Structure formats: C-alpha cells, structure tokens
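Single-structure report; data block below.
The values are calculated or read from the model by the stated rules, or taken from the named source; none is laboratory data. Note that the structure is a prediction, hence the values are computed from the model and not measured. Heads up, the Cβs are rebuilt from the backbone with ideal geometry, glycines too, and the neighbour counts pull from every protein chain shown. With ligands, DNA and RNA removed, areas are computed over all heavy atoms of the protein, side chains included. Shrake-Rupley method; radii C 1.70, N 1.55, O 1.52, S 1.80 Å.
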Amino acid sequence: MTTAPTTYEVHGRSVARHEASIQAGNQTIPIDALWGAAESSALPGPADLLASALAACMLKNLERSGALIPFSYESAEIDVRARRQDAPPKFVEFEYEIRLVTNEDERRVEMLHRNLSHYGTVYNTLAAVADVHGTIVVVKPSAEI
C-alpha cells in the first residue's frame, strides 16, 4: 500500500522593481528578486533559500534521528556552501559542515551521518542532480564548573 505524497505550498509575491516575499508556513520571508540592481538588497535570494532548505532538512533530520536511534546531543550548527556554474546555469555542488556538541562515540556519529544523508528529503533531491557532501565535526560538551 502506497501513501499519497505529502504536499507543501508556499506563496510568492513581488512588486515590479521593488520588494518581493515568500509566504511559507505562517511566516513572510522577504527575498531579493531584483535583477540588475546597483546595490545588493542584503536579502536572501533563491540560491540562499535553496542552501537554507538543505540546512533546515539536515537539522530537522538530526532531530528525527536523535529520537529514532536514539542519539544524544546538546546543540548543532551547520554551514552550507552551494556552488553553481553559469553555462548551463545550475548548481553543481553543495558542501556542508555540521558542528555537533555531543558525547556520542565516533561510530554512532558516523551512523547518524549516514542517516542524515539517507533519509533527508531535500538532501536526496539535491543529491540526484548535484554533488552533496560534508562532514560532522564533534565538539565535546564543556565541563560544568
């Protein structure tokens, strides 16, 4: 028995040569949709949002894996770098580094990393069309004084 695919919906809006935004969940996210502007708007553009989706996917899957394995951690941070080419325009690489504060041993961290790549929906979608890879750097929790 197969289940129906989950559906996600967002709403975008722009005013010509002015602002643009995306409505996702109950949040409005201002975005940079200007073309050829003299100055950068400092707002996230489509590439930033795509890299953010990968980061969000991995952080959410970290929570999921933490509950399923179980895997104990205090906190996590992730940096994602997306690399694109111009001709034809497409992303060719997504590289990430996760810094994970945990006392778990190396074998369990490796198992967690496999789970993050195996069960991540955004991860797997991007990996089908680009090189997605990265590392987990373990940071031991600081001893309480």
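Looking at I78 and the list (1) surrounded by 14 or more Cβ atoms within 10 Å (Cβ to Cβ); (2) farther than 30 Å from L112 by Cα, which single condition is not satisfied?
I78 satisfies every listed condition except (2).
If K60 satisfies every condition in (1) of a type in the set (K, R); (2) over 17 Å from the mean Cα position of the chain (by Cα); (3) assigned to a helix (DSSP H, G or I) but one, which is the exception?
Failed condition: (2).
Looking at (1) hydrophobic (A, V, I, L, M, F, W, C); (2) farther than 21 Å from P44 by Cα; (3) in a helix (DSSP H, G or I); (4) in contact with a helix residue (DSSP H, G or I) (Cβ under 6 Å, 6 or more places away or on another chain), which is the only condition F71 fails?
Among (1) hydrophobic (A, V, I, L, M, F, W, C); (2) farther than 21 Å from P44 by Cα; (3) in a helix (DSSP H, G or I); (4) in contact with a helix residue (DSSP H, G or I) (Cβ under 6 Å, 6 or more places away or on another chain), F71 violates only (3).
If the requirement is being in contact with a helix residue (DSSP H, G or I) (Cβ under 8 Å, 6 or more places away or on another chain), surrounded by fewer than 17 Cβ atoms within 10 Å (Cβ to Cβ) and among the aliphatic types (A, V, I, L, M), which of these qualifies: A56, A42?
After ruling out the rest, the residue left standing is A56.
Counting only residues that are of a type in the set (A, V, I, L, M) and under 10 Å from A51 (Cβ atoms), which one in the range 79-98 is nearest to the chain's Cα centre (by Cα)?
Checking each candidate, the answer is V80.
Against the definition (of a type in the set (A, V, I, L, M, F, W, C) and either in contact with a Gly (Cβ under 6 Å, 6 or more places away or on another chain) or open to solvent by 60 Å² or more (accessible area, probe 1.4 Å) (or both)), how does A87 come out, yes or no?
yes
Suppose we keep only residues that are among the hydroxyl-bearing types (S, T, Y) and closer than 21 Å to T121 by Cβ within the range 1-34. Which one would you say is surrounded by the most Cβ atoms within 10 Å (Cβ to Cβ)?
That would be Y8.
How many residues does the range 112-124 contain that are loosely packed, with under 15 Cβ neighbours inside 10 Å and either closer than 16 Å to L59 by Cβ or in contact with a helix residue (DSSP H, G or I) (Cβ under 9 Å, 6 or more places away or on another chain) (or both)?
Selection size over the range 112-124: 4.
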